[in-house]
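This report refers to the structure that appears directly beneath it.
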Amino acid sequence: MQFDYDDQNIFAKILRGEIPNSTVFENDHALAFKDIVPQAPVHVLVIPKGPYVSIDDFAANATPAEQAGFFAAVAAVCDMSGVEEGFRTIANTRAHGVQDVPHFHMHILGGKPLGRMLPA
Ligand code: AMP
């Protein structure tokens, strides 16, 4: 599958420092910051620094170092966010997944019981 990355998306602008963000963790390959419209007491987005549109683009095309760095950031965010009782990760993808920002991001949501994954 062909993945075309739009470098004008809002997370690309965050990575270039063109707009501010509330960073909670950063390493060489990933940035984690608070969602601007939190859906739970903990709502953090983890994004790779590389130009990947979606989770399937990232899984297929990111280097092992980029993938390791991304998941190290996920681990760090979970460790620092007080979500020992559980959390949910979401990677909305393209139209059916209702992905608004075309730069791969993993939502980490927690801090309270979250209910069923999808409405019945
Ligand atoms: P998605 O529908 O999975 O693409 O979700 C995109 C998420 O990005 C939403 O939860 C937005 O609230 C969040 N978002 C959009 N702009 C910003 C921003 N400037 N800083 C932090 N989060 C943002």
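Work from the charge dipole of region 75-116 (Cβ charges, +1 for Lys and Arg, -1 for Asp and Glu, about the Cα centre) and give the residue of Phe87, Leu114, Ala76 farthest towards its positive end.
Value computed over the given set: Leu114.
Taking Cα atoms, how many degrees apart are the long axis of helix 64-80 and the longest axis of the chain, rounded to 10 and kept between 0 and 90?
Helix 64-80 and the main axis of the chain meet at about 20 degrees.
At a Cα cut-off below 17 Å, give the aspartates and glutamates reachable from Lys112, other chains included and same-chain residues fewer than 8 away excluded.
Asp35, Asp79, Glu84, Glu85
How much accessible area per residue does region 10-110 have, in Å², with a 1.4 Å probe?
The answer is 52 Å² per residue.
State whether region 10-110 is rounded, prolate or oblate according to the following rule on the C-alpha gyration tensor (a ≥ b ≥ c being the square roots of its eigenvalues): a/c under 1.5 gives rounded; otherwise a/b larger than b/c gives prolate, and the remaining case gives oblate.
In terms of gyration-tensor shape, rounded.
Determine which lysines satisfy two conditions relative to Lys49: a Cα distance under 28 Å, and not lying fewer than 8 residues away in the same chain.
Counting by Cα, and skipping residues close in sequence, Lys49 has these lysines nearby: Lys13, Lys34.
Only Cα pairs under 8 Å and at least 6 apart count here; give the relative contact order of the chain as a rounded whole percent.
Worked out over the chain, it gives 30 percent.
The values are calculated or read from the model by the stated rules, or taken from the named source; none is laboratory data. Being a predicted model, the structure only gives us computed values, none of them experimental. Neighbour counts run over all protein chains shown; Cβ positions are idealised from the backbone, glycine included. For accessibility, only protein heavy atoms count, side chains too; no ligands or nucleic acids. Shrake-Rupley method; radii C 1.70, N 1.55, O 1.52, S 1.80 Å.
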